[in-house]
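Structure record follows, encoded as structure tokens.
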Protein chains: 2
Amino acid sequence: MKKIITAAEIKEYDRFLRMHFCNCLTGFKSPLLVGTTSESGNENLAIFSNVFHIGADPSTIGMIARPTTIPRDTVANISETKIYTLNHIPLADYEKGHLTSAKYPEEISEFEALNLKAEYIEGFGAPFYADAPLKIGLSLSSITPIKENDTILIIGKVELVEVEEKNLMVTGHLDFSGLRTVASTGLDTYYSTKFIDRLPYAKYRK
Amino acid sequence: MKKIITAAEIKEYDRFLRMHFCNCLTGFKSPLLVGTTSESGNENLAIFSNVFHIGADPSTIGMIARPTTIPRDTVANISETKIYTLNHIPLADYEKGHLTSAKYPEEISEFEALNLKAEYIEGFGAPFYADAPLKIGLSLSSITPIKENDTILIIGKVELVEVEEKNLMVTGHLDFSGLRTVASTGLDTYYSTKFIDRLPYAKYRK
């Protein structure tokens with residue numbers, strides 16, 4: 001039985017119901033751990049799941065951050081230091097990854113609290129998650145407020161990528177079957193994935 | 001053996017290698033079919049894979065479209081008619097979904113060319129893909145150029161959602177195991193998914 005839900009009905013949903021429903025609409029994504037440090041050197045690691053490709057030349061990545069009406073360490077740190085890291089989450093670590101979304105006391109880093117090892121790559125000042133099978137170091141390009149709801153679009157330029165050589169294909173593709181990273185929907189639901197197919201560039205034929 | 005790839009190396013990559021590499025960096029996503037009509041009534045269906053949650057109140061969704069330096073039917077249609085649909089792709093239809101990215105002659109709609117049935121929902125003027133297990137009708141909220149590379153951020157307000165009642169959970173979550181939609185990475189690689197876990201809201205405990 002098909003159900004149609006209108007904007008007026010969504011508006012009337014209880015806050016948590018609406019939050020889960022709306023966050024589910026866009027489907028699958030890769031939740032990523034964003035690594036930053038404050039100007040005073042405190043390390044921070046936080047899960048973000050609305051991260052997307054902007055362009056290849058230069059290589060740029062966008063992400064949506066929640067409103068800064070309450071303190072948001074990640075956004076403050078990126079604004080201050082102009083660098084951050086994106087770390088794909090191994091299947092085995094999805095629970096720890098999820099727990100980075102809790103509110104920790106200021107003096108406690110999520111790396112320590114959750115026993116997630118921080119790692120630095122020479123020449124880059126923001127911390128990576130050591131066990132991430134795909135690590136991306138970015139420099140801040142722009143921060144743009146989204147007028148619809150005070151969320152923030154953060155765009156970064158890819159400065160470096162670390163990946164196992166065997167998972168980087170000669171075509172430039174990354175082999176996510178080999179990377180074994182977790183996928184998610186909404187704010188709390190995690191999935192493993194199975195490769196089906198890689199298709200050729202689509203062309204019209206009469 | 002871990003490999004570090006720098007921005008300078010990405011810049012030197014062959015165009016197609018760079019395109020595949022950069023499009024893979026953000027990991028899993030749900031490729032969605034965007035349904036529109038032109039002012040003259042021609043239906044259009046095109047695959048977009050950088051679609052993301054913006055907010056729940058009001059329910060808003062963002063997507064990135066490529067530069068309009070060459071004709072892009074979808075963006076032109078959305079600009080003209082101010083409405084569009086997002087349609088999740090059933091696992092069984094991933095090849096047809098992919099083929100909507102080919103360049104068809106102006107007089108041929110992707111719905112017809114690929115035998116994907118168009119469907120209208122009463123009171124909403126843009127076409128849905130009839131077999132999509134999750135359909136979203138949106139009104140245009142804003143179109144913003146991304147200064148980094150002339151792509152375009154399109155933000156829409158959710159006007160209606162159609163889903164099988166059994167796949168809408170009492171908590172507001174959508175059950176993607178039941179929806180059986182396809183996931184993708186990059187521009188051409190498709191995956192099925194398997195539910196692992198749904199986790200409670202994360203709280204810090206001493």
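The values are calculated or read from the model by the stated rules, or taken from the named source; none is laboratory data. This one's a predicted model, so the numbers in the text were calculated from it and none came from an experiment. For neighbour counting, all protein chains shown are included, and Cβ atoms are generated from backbone atoms with ideal geometry for every residue, glycine included.
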In this structure, is residue A:144 in contact with a strand residue (DSSP E or B) (Cβ under 8 Å, 6 or more places away or on another chain), surrounded by 20 or more Cβ atoms within 10 Å (Cβ to Cβ), free of Cβ contacts under 8 Å to residues at least 60 places away in the same chain and within 26 Å of residue A:55 (Cα to Cα)? no
Pick from region B:7-42, criterion surrounded by 24 or more Cβ atoms within 10 Å (Cβ to Cβ) and of a type in the set (Val, Ile, Thr), ranking: nearest to residue B:62 (Cα to Cα): B:34
Strands (runs of 3 or more DSSP E) (entirely within region A:144-206) containing at least 2 residues that are among the basic types (Lys, Arg): A:189-198
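Yes/no matrix, rows are residues, columns are (1) over 20 Å from residue A:60 (Cβ atoms); (2) surrounded by fewer than 15 Cβ atoms within 10 Å (Cβ to Cβ); (3) basic (Lys, Arg):
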position	(1), (2), (3)
A:127	yes, no, no
A:153	no, no, no
A:159	no, no, no
A:170	yes, yes, no
A:188	yes, no, no
Taking region A:169-188 only, how many residues are in contact with a strand residue (DSSP E or B) (Cβ under 6 Å, 6 or more places away or on another chain), free of Cβ contacts under 8 Å to residues at least 40 places away in the same chain and facing another protein chain (nearest Cβ under 7 Å)? 1
If I go through region A:58-72 residue by residue, how many of them are within 23 Å of residue A:121 (Cβ to Cβ) and either surrounded by fewer than 20 Cβ atoms within 10 Å (Cβ to Cβ) or touching a Gly at 6+ places or on another chain (Cβ under 6 Å) (or both)? 2
Across region B:140-151, which residue is farthest from residue A:56 (Cα to Cα) among those that are among the polar types (S, T, N, Q) and more than 16 Å from the chain's Cα centre (by Cα)? B:141
Which one of these is more than 30 Å from residue A:56 (Cβ to Cβ) and under 15 Å from the mean Cα position of the chain (by Cα): B:194, B:135? B:135
Before we move on, is residue A:115 more than 8 Å from chain B (Cβ to nearest Cβ), more than 25 Å from residue A:174 (Cβ to Cβ) and not hydroxyl-bearing (Ser, Thr, Tyr)? yes
With the requirement that a residue be charged (D, E, K, R) and within 14 Å of the chain's Cα centre (by Cα), what does region A:1-58 give you? A:29
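Results for (1) under 30 Å from residue B:145 (Cβ atoms); (2) more than 10 Å from chain B (Cβ to nearest Cβ); (3) modelled with pLDDT of 95 or more; (4) in contact with a helix residue (DSSP H, G or I) (Cβ under 8 Å, 6 or more places away or on another chain), shown as yes or no for each residue.
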| position | (1), (2), (3), (4) |
| --- | --- |
| A:4 | no, no, yes, no |
| A:14 | no, no, yes, no |
| A:21 | no, no, yes, yes |
| A:61 | yes, no, yes, no |
| A:91 | no, no, yes, no |
| A:94 | no, no, yes, no |
| A:119 | no, yes, yes, no |
Given the structure, is residue B:31 closer than 25 Å to residue A:31 by Cα and out of contact with any His (no Cβ under 6 Å at 6 or more places or on another chain)? yes
Looking at (1) at pLDDT 95 or above; (2) more than 7 Å from chain A (Cβ to nearest Cβ); (3) buried (at least 19 other Cβ atoms within 10 Å of the Cβ), which is the one condition that is false for residue B:139? (3)
From the options B:146, B:155, residue that is within 24 Å of residue B:120 (Cβ to Cβ) and facing chain A (nearest Cβ under 7 Å): B:155
Only one residue in B:101, B:40 is within 13 Å of chain A (Cβ to nearest Cβ) and in a loop (DSSP other than H, G, I, E, B), so which one is that? B:101
